[in-house]
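Each value in this text was obtained by applying a stated rule to the coordinates, not by laboratory testing. Remember, predicted model here, so these are calculated numbers, not experimental data. Glycine also receives a Cβ, built like all others from the backbone with ideal geometry; neighbour counts cover every protein chain displayed.
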Amino acid sequence: MVATETRRRTSLNVSTAPTVLSDTPGSFAWGVFHERHPKLIRQVLDALPYGPTERAAVDELLSESIGGVLEPLSESAHDHEQWLVWGEGLFGRPWGEAPFLWAESYFYRRLLEATGYFRPGPWQGIDPFAPFKNAELAGPAVDDELTALDDLPSLSADKRAEALLSSALWGNRADLGFRITASAGHTQTPALLADDSPLLWSTLAAATTARVCVIADNAGRELLPDLVLVDHLLTSGSAAEVVLYVKPSPYYVSDATTADVLATVDRLRSAPGQEAGLIGRRLWQAMNGGTLAVRTHPFLCAPLPFHDMPADLTAELSRATLTISKGDLNYRRLVGDQLWDPTTPFADRAAHFPSPVAALRTLKSDVIVGLDAPVVTALNTTDEPWRTSGKYGLIQTHTGT
């Protein structure tokens, strides 16, 4: 179903800007494969006691992804046929010639294969990134953040909504994959380049019984503020129902799965702060009662833009009053992982989405749209890598009106 629908819809996605590739030395995409991934592989192999078979397969993947050609999954892989469809015309070519979004996604799928995540055996179902996620969630910095939630009741309703939306936006600066290669210079005060938050809130306020879908990104210190925002949407009446979409399997370094959601809710319930505990218990009850549903879909781990979303997922999201798309990767999938003119209207790139959509994103890759020309000019006159530094963020909303 997914493969057939994807093949049908891909032809509708007419490209008007160069697709991001990873074959140019010194580019951000090239650095992901040649700098970030080697560091990640070392951390993965150090974090869990994989045996010789798994370690050799991981090292082989790294070597292939840097200097070899794309090899298909083995025929025994459960999604072998699906990836043949998704990668039609790419296998046998150098990794750098594949679209960056596709190649990066395939790297993580192959990493799961190398570590035995899907194969019957002792490593089946073991998240290779779990040690990183668990350490971050248990860290003292999270205790401080949860204790700070005790200040929420003292804020006005508007200030509380503003604070929690901002927290959900900037929480993804803690993305583990990003931090692997981030420098100390990226800890500057963040800046918002676009802010459509008034449209986000007015869209929800105009609905009698709003249904909000949230496409999650990272676990850990990002998922915590996401869930706190979800609790606010439900308790404030901004949403009657929230559907949280997570990955069906570990993806990238820290992308959230259902297991991560449960761990995060537990972290809230057992937090030292009184308010955090209340939030955690309310979220638990919301899941029991169905006002908060956690869902997933195979397409959420697909190497394709949201434009190519299959019909069943399109139908689900079309019922939303508003979909909130979290993080950099989901932004790339929403607008297309292409080198658009930064002043291209966000509405032009998001109009295909099946519901009104708001993107909360910290900039950590080259793709960007929806900026005012003077803002772009000012940023381009600096020497900083503003598109990839994690210093800048945006809230962009398209309602179709």
**Study point:** region 2-114, relative contact order in percent, only Cα pairs under 8 angstrom and at least six apart counted
**Key:** 34 percent
Revision key, fill the gap. Karplus ³J(HN,Hα) for region 152-161 (6.51 cos²θ - 1.76 cosθ + 1.60, θ = phi - 60°; Hz, whole; x = Gly/Pro) runs 4, x, 7, 8, 5, 4, 5, 5, 5, 4
Review point. How would you rank 224-236, 62-74, 302-314, highest first, on the average number of other Cβ atoms within 10 Å across their residues?
Key: 224-236, 302-314, 62-74
Review point. In terms of modelled amide H atoms, which long-range or inter-chain residues lie less than 5 Å from the amide H of Leu70?
Key: Gly92, Arg93, Trp95
Point to revise | the chain - Kirkwood radius from inverse mean 1/r over Cα pairs (Å) | key: 21.7 Å
Study note, to complete from the structure: Most fluctuating of Ser325, Ser154, Ser202 in the GNM of the chain (C-alpha, under 10 Å) is Ser154
Point to revise | Residues with amide H under 5 Å from that of Asp195, placed H, sequence gap 5 or more | key: Ile395
Exercise for review: Place a +1 charge on the Cβ of each Lys and Arg in the chain and a -1 charge on the Cβ of each Asp and Glu, then give the dipole magnitude about the Cα centre in debye, rounded to the nearest 20.
Suggested key: 460 debye
Review point. Tell me, what ³J(HN,Hα) does each residue in region 357-365 have, in order and in whole Hz, if you take phi through Karplus 6.51 cos²θ - 1.76 cosθ + 1.60 with θ = phi - 60° and put x for Gly and Pro?
Key: 9, 10, 9, 10, 8, 8, 6, 9, 8
Check your understanding: Okay, which of region 200-232 sit inside 18 Å, backbone N to the point 7 Å along the Cα-Cβ direction of Asn134?
Key -> 219-221
Check your understanding: Using θ = phi - 60° and the Karplus curve 6.51 cos²θ - 1.76 cosθ + 1.60, what whole-Hz ³J(HN,Hα) does each residue of region 71-77 get, with Gly and Pro shown as x?
Key -> 9, x, 4, 5, 5, 7, 5
Point to revise | Mean Cα-pair separation over length for region 250-401, i.e. relative contact order, pairs under 8 Å, 6 or more apart, % | key: 19 percent
Exercise for review: Count the net charge of all other residues whose Cβ sits under 12 Å from the Cβ of Leu229, scoring Lys and Arg as +1 and Asp and Glu as -1.
Suggested key: -2
Point to revise | Relative contact order %, the chain, counting alpha carbon pairs below 8 Å whose residues are six or more apart | key: 20 percent
Check your understanding: Which of the trypsin sites (Lys or Arg not before Pro) across region 302-395 are loop residues per DSSP, with 14 or fewer other Cβ within 10 Å?
Key -> Arg319
Check your understanding: Long-range amide H contacts for Asp255: which residues qualify at under 5 Å (H placed 1.01 Å from N, peptide plane, sequence gap of 5 or more or a different chain)?
Key -> Ala219
Point to revise | Nearby lysines by direct alpha-carbon distance to Lys133 (threshold 22 angstrom, same-chain neighbours under 8 apart not counted) | key: Lys39, Lys247, Lys326, Lys364
